[in-house]
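Undergrad: What follows is a single structure, and I will ask about it in a moment.
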Amino acid sequence: MDFRIMGFDSPLLHALHHMTDLHEDNDNISKNPNAASRTYVRDAKAMAATPADIKEDAKSYVFVVDMPGLKSGDIKVQVEDGNLLLISGERKREEEKEGSKYVRMERRVGKFMRKFVLPENANTDAISAVCQDGVLTVTVEKLPPPEPKKPKTIEVKIC
């Protein structure tokens, strides 16, 4: 149980919560090595909770992802395996200042990640990413369409 949801947040409770997560993960692995760990499930939820819009126009594909409160250094855009666009990063909790404490915490913190398989006509050498006003826009240019092959004429020889 995450005590922060109920309004309790202290370093001690956070440490206890982290330790119980590790303990439960180890228990799950020893009982069933194929069972998903709690950390994996939490990461999968974070991945699903990062919504994205994908637009296509004549010259490019545009991925629009909300990233409120993140700096460009907190966001990583990569291409893996030739056609897999990976957008990842981490939202960190602000340090508590002396004399203040959280009364309620609703904003998500932690790692996030989204993966998108790019179409064959995506030019992975022409990708740009801009983060403005908490919105990340990744533009992937399209490759020009292949020129249609002209029919080859073969000369017929008479013997």
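Undergrad: In the stretch 86-142, how many are part of a loop (DSSP other than H, G, I, E, B) and open to solvent by less than 80 Å² (accessible area, probe 1.4 Å)?
TA: The qualifying residues number 9.
Undergrad: Restricting to the stretch 46-65, and then to whatever is at pLDDT below 90 and surrounded by fewer than 13 Cβ atoms within 10 Å (Cβ to Cβ), can you tell me which residue is nearest to GLN132 (Cα to Cα)?
TA: Filtering the stretch 46-65 for residues that are at pLDDT below 90 and surrounded by fewer than 13 Cβ atoms within 10 Å (Cβ to Cβ), the one nearest to GLN132 (Cα to Cα) comes out as PRO51.
Undergrad: Within the set of pairs 6+ apart or on separate chains, which have a first residue in the stretch 122-135 that is on the phi > 0 side of the Ramachandran plot, a second that is assigned to a loop (DSSP other than H, G, I, E, B), and C-beta atoms under 6 Å apart?
TA: Between residues of the stretch 122-135 that are on the phi > 0 side of the Ramachandran plot and residues that are assigned to a loop (DSSP other than H, G, I, E, B), the close pairs are GLY134/MET67; GLY134/PRO68.
Undergrad: Select from the stretch 99-137 the residues that are within 16 Å of ALA58 (Cα to Cα) and of a type outside the set (Gly, Ala, Ser) and list them in ascending order.
TA: LEU118, PRO119, GLU120, ASN121, ASN123, ILE127
Undergrad: Identify the residue in the stretch 66-76 that is of a type outside the set (A, V, I, L, M, F, W, C) and part of a strand (DSSP E or B) and, among all such residues, is most open to solvent (accessible area, probe 1.4 Å).
TA: Among those that are of a type outside the set (A, V, I, L, M, F, W, C) and part of a strand (DSSP E or B), it is LYS76.
Undergrad: Which one of the conditions (1) closer than 13 Å to THR139 by Cα; (2) touching a helix residue (DSSP H, G or I) at 6+ places or on another chain (Cβ under 9 Å) does LYS55 fail to meet, given that it meets all the rest?
TA: (2)
Undergrad: Anything in the stretch 86-102 that is among the small types (Gly, Ala, Ser) and farther than 30 Å from ILE54 by Cα? List them, or say none.
TA: GLY99, SER100
The values are calculated or read from the model by the stated rules, or taken from the named source; none is laboratory data. On a predicted model such as this, the values are computed, not experimentally measured, just so you know. Cβ: placed from backbone, ideal geometry, glycine included. Neighbour counts: every protein chain shown. The area values use the complete protein model at the heavy-atom level, side chains included, leaving out ligands, DNA and RNA. Shrake-Rupley method; radii C 1.70, N 1.55, O 1.52, S 1.80 Å.
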